[in-house]
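Remarks on the structure that follows.
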Amino acid sequence: MSLLQSARAIAHTLLSLHQGQITDEVLLSVIEKASAINIVEGQTFDKQELFEILRADYSVGKGEITILSDDVEPWLNDEKANVNFDLWNRYKLYMSENDPSFPVNDLDDFTDKILDKCVNPKKQGSWDRRGMVVGHVQSGKTSNYVGLINKATDAGYKVIIIIAGTISSLRRQTQERIDSGYIGRNSSAFIRENQNRLIGVGKYKTETDIYSLTSSYYKSGDEGDFSQSVANRLNIPIGKNPVVFVIKKNKSILENLIDWFSKNENIREVDGTPKLFDVPALIIDDEADAASVNASRDINDIKTINRLIRTLLNIFNQNTFIGYTATPYANLFISQDYNEEQTTVVKNKTYKIGEDLFPRDFIINIKAPTNYIGAAKIFGYENTSPELTKEPLDIFREIDDYDPPFFRTINRENKDILPEYLPPSLERAIKSFILTCAIRRVRGHENKHNSMLVHVALLVRWIDRVAYLVNEKTKEYKNAIQSEDETLLSELKELYETDFLPTTKNVLDNLDYTDIRIKEHSWEEVKKELKNAVLKIDVRSVHGTRSTTNLEYHNIEEIDYNRHENGLSVIAVGGSRLSRGITLEGLSISYYIRTTRMYDSLMQMGRWFGYRPGYVDLCRLYTTNQIFEWFNHITMATEEMRNDFDEMTATHQRPKDFRLKVRNHHGLLTITSLNKLYFSQDIEISFSGENPQTYCLLKTKSAIENNFNALKSLVSTIGFPAKENRVENKGKTRYLFYPNTNIEALCNFIDAYKIEQPSINNATLSDYIKTQSKGNKIKEWSICIISNTDEKVFIDYKGKTPRNERKSNESLATFKLQHNNEVITMGCSVRNQQIGRGGEFYLISKNQIDQTGDRYFDLSKDKDYSKMAYADIKAQRQAEKKGLLLIYALDERGTPNVNNGIPIVGYSLHFPRIDDEVKVSYTATINKGFDEEVMTDDDNPETENE
């Protein structure tokens, strides 16, 4: 037993005596006790590694799963005694040995829940099940479905088909994961050389032999993808041993597979379509939102890939289909109507197409564990208890110096003017990557992978030239570090002290989980590792051109992390292939310029999310302000939809209910302004139970004046409230409260308010308010104008001041409101801008325009709301049928470069949940310039038919 294993056993014993919840703090104290025991004289174990292992053992900070399902009968618990989970047990062993901190218990729990929603493969007769699993981007989706197919095979599924993206390199990557985590041998060696080369789970004995009819072999294209001639040569009977296919989402591949199944000896013709009976099949669509969705309004007008996947499913009389995705919008707009008689012809045979891919039976949402770095962490988020509210992690760095040498758009006129040098921001990003690699070495990560992504163009000649320039610059830095060049060392030291140290502080302040590897280091410690770190860095050019004849930069070898046991440090320069395909391991620095339609750019940016154990403070996102702001909008809309999903699971609703909810979700205002959803130009919008807020305020003088005037004219219409509705604190006005107010005046204020935030459309909001009031769906509206009564306030002039250094440094800013001859002095609320300070908007972290205590000001006073969960407060608002408009006048000093001497007005609306609301129609408009391709592309794998 190794020293670490002994320490783990001791920790388990100590923890078995612990009463109460096991938290990070409890684990840390137990590790200290275990290390004090001195297990082997003179030897110590790695406390950080033990901490990560114990977190997995006890599922501390684990994710959760929420499920919406139709009447799906549970079967797994009753059946478990009859199933030998041989394959699952070896996968579990393999994952734990490979990485002891992998949360294998959580995976066991999640995959049980998903398998229970699939049909029991032993069930007789015909059956068909459709579902969807919504994960987060880059959050261990593949290990989830590899676990699932191991269990499904143990339970009796005989055919497993994994449809893995549209790109060859991605399909091969998935095949390798299936080889090592499910089959246990190298499929390429088995198929081509008849060799049984064991890998991964193959080193553990099992009775089940699994055959793959695809492999990861490639010479010039993707020769390992499905081919009828290879399948015929192998001659493996379908329905006896489990058979697995890992295929690309590609017309000819899908047609070949359908044709091959239709020639099976057990096929029977039923109702004019070929059917394979009693072979339980599990089909998994990886990246279910790419290419599978039927993007047309007419149910009879079916797009190729969608038609072929449905035809393939329809061959099996027993099948379960699961789409895995992180961006589920498109899948929820799939029509549930279909034409039962509709047919298609594949290789001269007629087939019925069958039902569309809507997940009618179940949708499972996997909530990410606490150490997942997703939208909420990057943009900041609010917790219902204000002291737990987190600010954004300080990792965004604005690029505004790239044109020249790069162009904002690359077109026919300028595509031959290749760049001659790199912009200073990219040089800074490369230096940041060198520092990151060195700091990770100080933290004991010398054998971990490090990656940097550079995405500035789509044309191969451009990718090639930029890779050449990046390599030249990296070589220059290597030589300077080796010869201890004073100039570069002092530049690196300055970058370390002004950028890295403060960011580590900021991250430690704002992380909501414990990562004991993140700490501040001295410059001397980092400097010692610079040579070893920089010498390991390799620059790769990622594109589809395989001949180097016309290339300046010849290092185009595929990025294969498996070949580098001591860790690969790579700067990957590429276009479409990089943003869609390869998973970059240990990704820390991204340099990203928009090259494609805005919506696609944002979805690809999402690849930046993931797990960053021990180095999230070293990550940097270099991009333009425009991308960052839109990224903020779209992720907010996504988070809101996820929260709605969880609220609906609590009340046991069904997938079709959620689909209706999403179809009317006000978050679509954001998504459709990016990408016209094909199902309709007119969307019906609902704000039931929602809380639209102005988190993205305009900073132009005219907009600020306009919005302050909107507030003044509201007061001149509704006057000042009666004395009992003026709440004072320390002798100053705190709230001006207008219960049961005039709706016309409230809507006029919203209509007059100037904003360019995509999720707020003035006309839609005021139209909705008036419509609900007409039908008495919302009994009364109240307005509350909030004033700050503090004497002194803290203005964060430099931004990102650490929490413990925030001391009041300015007097309160005030403004006056007047009605008739009365004047009331009000205090400005302070919201210090943390992200995007260089941009044109005043961005406030998610949901932080209003304060938690103000949200229930209008509700009946017989409850102590400060102790209630937000969901209960919402339920109370629903019961009272009340709407609330909160108006805040913000101190202009909270955002840089504004000096007008008037407050910046923002608002927050609280709608009650309405059961039988009347929805309002909204016409989807596309934002100007958002749908255009910014650059030409000659290297897009989606358009190749490899």
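The values are calculated or read from the model by the stated rules, or taken from the named source; none is laboratory data. The shown structure was predicted, so the numbers you read here are calculated from the model rather than taken from an experiment. Please note: Cβ atoms are built from the backbone with ideal geometry, for glycine as well, and neighbour counts cover all protein chains shown.
Condition first: surrounded by fewer than 16 Cβ atoms within 10 Å (Cβ to Cβ), assigned by TED's automatic domain parsing to the domain that holds Asp850 and among the small types (Gly, Ala, Ser). Can you find one or more residues in segment 779-787 that meet it? No; the residues of segment 779-787 include none that is surrounded by fewer than 16 Cβ atoms within 10 Å (Cβ to Cβ), assigned by TED's automatic domain parsing to the domain that holds Asp850 and among the small types (Gly, Ala, Ser). Considering segment 1-20, the residues that are outside any helix (DSSP H, G or I) and not small (Gly, Ala, Ser) include one that is surrounded by the most Cβ atoms within 10 Å (Cβ to Cβ), namely His18. Residues in segment 543-560 that are within 24 Å of Ser216 (Cβ to Cβ) and among the hydrophobic types (A, V, I, L, M, F, W, C) were compared, and the one that is farthest from the chain's Cα centre (by Cα) is Ile556. In segment 159-167, the condition of being more than 26 Å from the chain's Cα centre (by Cα) and over 19 Å from Tyr324 (Cα atoms) is met by no residue. When each of Leu489, Leu469 is tested for being modelled with pLDDT of 95 or more, hydrophobic (A, V, I, L, M, F, W, C), part of a helix (DSSP H, G or I) and buried (at least 16 other Cβ atoms within 10 Å of the Cβ), the lone residue that passes is Leu469.
Scanning segment 137-186 for residues that are within 24 Å of Asn314 (Cα to Cα) and among the polar types (S, T, N, Q) turns up Asn150, Thr153, Thr166. The strands (runs of 3 or more DSSP E) found entirely in segment 301-358 that carry 2 or more residues being among the β-branched types (Val, Ile, Thr), at pLDDT 80 or above and farther than 21 Å from Ile284 by Cβ are 343-346. Within segment 403-442, if we keep just the residues that are among the basic types (Lys, Arg) and modelled with pLDDT under 95, the residue that is farthest from Ala533 (Cα to Cα) turns out to be Arg412. Selection of segment 719-740 for residues being surrounded by 17 or more Cβ atoms within 10 Å (Cβ to Cβ), more than 16 Å from Thr789 (Cα to Cα) and more than 41 Å from the chain's Cα centre (by Cα) yields Phe720, Pro721.
Filter segment 426-466 down to the residues that are part of a loop (DSSP other than H, G, I, E, B) and within 24 Å of the chain's Cα centre (by Cα) and list them by number. Scanning segment 426-466 gives Lys448, His449, Val456, Ala457, Leu458. Of the residues making up segment 75-93, those that are buried (at least 19 other Cβ atoms within 10 Å of the Cβ) and either of a type in the set (A, V, I, L, M) or more than 23 Å from Pro280 (Cα to Cα) (or both) number 2. Looking across segment 122-163, the residues that are of a type outside the set (D, E, K, R), in a loop (DSSP other than H, G, I, E, B) and within 27 Å of Lys275 (Cα to Cα) come down to Gln124, Gly125, Ser126, Gly156, Tyr157. As for segment 863-874, it holds no residue that is more than 22 Å from Lys816 (Cβ to Cβ) and modelled with pLDDT of 95 or more.
Out of the residues in segment 472-486 that are in a helix (DSSP H, G or I) and out of contact with any helix residue (DSSP H, G or I) (no Cβ under 9 Å at 6 or more places or on another chain), which is nearest to Leu426 (Cα to Cα)? It comes out as Glu472. Scanning segment 33-71 for residues that are farther than 24 Å from Ile114 by Cα and in contact with a Lys or Arg (Cβ under 8 Å, 6 or more places away or on another chain) gives Ser35, Gln48, Leu50, Ile53, Leu54. Taking the numbered list (1) surrounded by fewer than 17 Cβ atoms within 10 Å (Cβ to Cβ); (2) out of contact with any helix residue (DSSP H, G or I) (no Cβ under 9 Å at 6 or more places or on another chain) in turn, Arg172 passes all entries but (1). Of all residues in segment 532-552, those that are without any contact (Cβ under 8 Å) to a residue 24 or more places away in the chain have Cβ atoms under 8 Å from Cβ atoms of residues that are not small (Gly, Ala, Ser), 6 or more apart or on another chain, in Thr548/His554; Thr548/Ile556. The residue list Asp937, Asp858 contains one member that is modelled with pLDDT of 90 or more and part of a loop (DSSP other than H, G, I, E, B), which is Asp858.
So which of Ile795, Ile769 is under 36 Å from the mean Cα position of the chain (by Cα), in the same structural domain as Gly894 (by TED's automatic domain parsing) and either farther than 20 Å from Tyr907 by Cβ or of a type in the set (S, T, N, Q) (or both)? Result: Ile795 is the single residue among Ile795, Ile769 that is under 36 Å from the mean Cα position of the chain (by Cα), in the same structural domain as Gly894 (by TED's automatic domain parsing) and either farther than 20 Å from Tyr907 by Cβ or of a type in the set (S, T, N, Q) (or both). Please count how many residues of segment 177-229 are among the polar types (S, T, N, Q) and farther than 21 Å from Asn256 by Cβ. Number satisfying all stated conditions: 7. Scanning segment 912-926 for residues that are more than 30 Å from Leu578 (Cβ to Cβ), at pLDDT 95 or above, not in a strand (DSSP E or B) and not charged (D, E, K, R) turns up at least one hit.
If you check Ser866, Ser860 for being of a type outside the set (A, V, I, L, M, F, W, C) and under 29 Å from Phe815 (Cβ atoms), only one passes: Ser866. Counted as qualifying within segment 681-756 are the strands (runs of 3 or more DSSP E) with 1 or more residues that are touching a Phe, Trp or Tyr at 6+ places or on another chain (Cβ under 6 Å) and closer than 22 Å to Ile778 by Cα, namely 682-685. Residue check: Thr166 meets all listed conditions (1) closer than 17 Å to Leu76 by Cα; (2) of a type in the set (Val, Ile, Thr); (3) part of a loop (DSSP other than H, G, I, E, B) but one, namely (1). Within the set Thr498, Thr514, the sole residue that is under 21 Å from Pro613 (Cα atoms) and either in a helix (DSSP H, G or I) or in contact (Cβ under 8 Å) with a residue 12 or more places away in the chain (or both) turns out to be Thr514. In this structure, Phe362 does satisfy being modelled with pLDDT under 95, under 30 Å from Asp644 (Cα atoms), among the aromatic types (Phe, Trp, Tyr) and not assigned by TED's automatic domain parsing to the domain that holds Ser588.
Summed over segment 179-189, residues that are within 11 Å of Tyr217 (Cα to Cα), in contact (Cβ under 8 Å) with a residue 12 or more places away in the chain and not in a loop (DSSP other than H, G, I, E, B) total 2.
Scanning segment 777-811 for residues that are of a type in the set (A, V, I, L, M, F, W, C) and without any contact (Cβ under 8 Å) to a residue 60 or more places away in the chain yields a total of 1.
Summed over segment 337-363, residues that are under 36 Å from the mean Cα position of the chain (by Cα) and within 22 Å of Lys263 (Cα to Cα) total 2.
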